[in-house]
Amino acid sequence: MRGFKLDRGYYVPNGAVRVDHPLGAHVGVAYYYSTPRSLAALLFSGKRKAPDWHRLYRTNADRDAAIAESFEGLTRAVEYSARKRAERAAFQHTLKVGDILHTSWGYDQTNVEFFRVAAVRGKVVDLEAIDQETTETGFMCGETKPVEPVVVVKDWDPRVRLTSKRVGPGNTVRICDTRTAYPGGGTRRVSWYA
């Protein structure tokens, strides 16, 4: 059965009645049908090939209410996505060249990195890693801050070398899937093991 893929036709029984979402079939599609013992319906949202739900009902009114409720939820989701998309398009960051950002991440320890904005081009910034000094304040923990005057780290991890990154809400910059840089330098708490 290698390469066998199920599509919507696999889940929809013959003779089912199709109902498209009021905003269009790209938002959602419901199917309803009757069996000798019950009434049933299933709903697909977006481009999904498997149904979001497939249920049995006692009455047509219950089935129609469930479809209407699901369509209302899909409408709210579409409106939310459109609102968020508009907010992202309208967002203007306030970062400028020379601003310091920091990350704080880690599992069982707290790693901190500092970055300086090297260039600003619209909604995109170039960041460069800067050196930091750490003072131990306890057992395997301490405080770190950027070195003054700022010193650029030349041997920074090439796997995540930054050339340009889009600035997100709150002037945050996504470094990679585990690290986000936030505005502000200053002293930050760190911890380490071994």
### Query
Tell me, which strands (runs of 3 or more DSSP E) wholly within region 1-86 include 2 or more residues that are in contact with a helix residue (DSSP H, G or I) (Cβ under 6 Å, 6 or more places away or on another chain) and either outside the structural domain of Gly168 (by TED's automatic domain parsing) or not β-branched (Val, Ile, Thr) (or both)?
28-34, 39-45
### Task
Considering every residue within region 129-137, establish whether at least one is of a type in the set (D, E, K, R), modelled with pLDDT under 90 and out of contact with any Ser or Thr (no Cβ under 8 Å at 6 or more places or on another chain).
yes
### Query
Going by the conditions given, is Gln92 of a type in the set (S, T, N, Q) and closer than 14 Å to Gly184 by Cβ?
no
### Message
Can you tell me how many residues within region 47-72 are surrounded by 14 or more Cβ atoms within 10 Å (Cβ to Cβ) and closer than 15 Å to Leu23 by Cβ?
### Response
3
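The values are calculated or read from the model by the stated rules, or taken from the named source; none is laboratory data. These figures come from a predicted structure and were not determined experimentally. Virtual Cβ from ideal backbone geometry, glycine too; neighbours counted across all protein chains shown.
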